[in-house]
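Below is one structure, written out as structure tokens, with a few remarks after it.
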Amino acid sequence: MKKILFIILFISPFLLKAQCNQTLVDIAVKDLKGAASYLKDFKVRLKAQEPRKQQPVAKFSITLSKGQSYRFNVAADKGLPGQPIIQLYDGNTLQGSSFFKGKDYKSFDFPCTKTGQYLVFITFNEGQEGCAVGVLSVLK
């Protein structure tokens, strides 16, 4: 009985968080269906937005190469309410987003016309709590 209690109290929280990591990466990469090659992933777990505070956001810096076409896709933990949004910025200019005209998409493609540093932002709709993985891949 003590072993079962130990497993429930101490090990299960780690197992539950596993869904927010490698399992989501595997789901996101599987969604590529051979159309693109995996380059990098961005794991995110954000708490819900607190009253009178800015919406939580995860920021990542990446380098992209001119002449390459990239795909950004996202997979979310279904056990949490947040619907992820992945966005790509060049400085202050939005280059692409998985949220467009009020509709959520799993991915977007970006034909890079300038080699340089870009920023990837991942948030959750309406500041909800969420867990997601964004994946950067190069189109074949």
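Remarks
- Under the combined filter of DSSP loop state and at most 16 neighbouring Cβ atoms within 10 Å, the range 62-139 retains these trypsin sites (Lys or Arg not before Pro): LYS66, LYS78, LYS101, LYS106, LYS114.
- Heavy atoms of GLU50 accessible to a 1.4 Å probe, total area in Å² rounded to 10: 100
- Phi angles across the range 87-103 convert, under the Karplus curve 6.51 cos²θ - 1.76 cosθ + 1.60 with θ = phi - 60°, into 3J(HN,Hα) values of 10, 10, 10, 10, x, 9, 9, 5, 9, x, 7, 7, 10, 9, 6, x, 10 Hz, Gly and Pro given as x.
- Partner aspartates and glutamates for LYS66 [C-alpha distance under 18 Å; skip if fewer than 8 residues away on the same chain]: ASP90, ASP109
- Gaussian network model of the chain, springs between alpha carbon atoms under 10 Å - residue of GLY34, GLY127, GLY96 with greatest fluctuation: GLY34
- Where the chain is the region considered: accessible area per residue in Å², 1.4 Å probe: 64
- Derived scalar couplings ³J(HN,Hα) [the range 64-80; Karplus, 6.51 cos²θ - 1.76 cosθ + 1.60; whole Hz; x for Gly, Pro]: 10, 10, 4, x, 9, 10, 10, 10, 10, 10, 9, 10, 10, 6, 6, x, 10
- The eigenvalues of the Cα gyration tensor, multiplied by 5 and square-rooted, give the range 56-140 an equivalent ellipsoid with semi-axes of 23, 13, 11 Å from largest to smallest.
- Volume per residue of the convex hull around the Cα atoms, evaluated for the range 41-83, comes out as 105 Å³.
- Heavy-atom accessible area ranking, 1.4 Å probe, most first, across THR63, THR23: THR63, THR23
- Each Lys and Arg Cβ is given +1 and each Asp and Glu Cβ -1; about its Cα centre, the chain then shows a dipole of about 200 debye.
- Carbon-plus-sulfur accessible fraction, the range 41-88 (probe radius 1.4 Å, protein heavy atoms only): 44%.
The values are calculated or read from the model by the stated rules, or taken from the named source; none is laboratory data. Keep in mind that what you see is a predicted model, and the values were worked out from it rather than measured. Cβ coordinates were reconstructed from backbone atoms using ideal geometry, including for glycine residues, and neighbour counts include every protein chain displayed. The accessibility values were calculated without ligands, DNA or RNA, using every heavy atom of the protein model including side chains. Shrake-Rupley method; radii C 1.70, N 1.55, O 1.52, S 1.80 Å.
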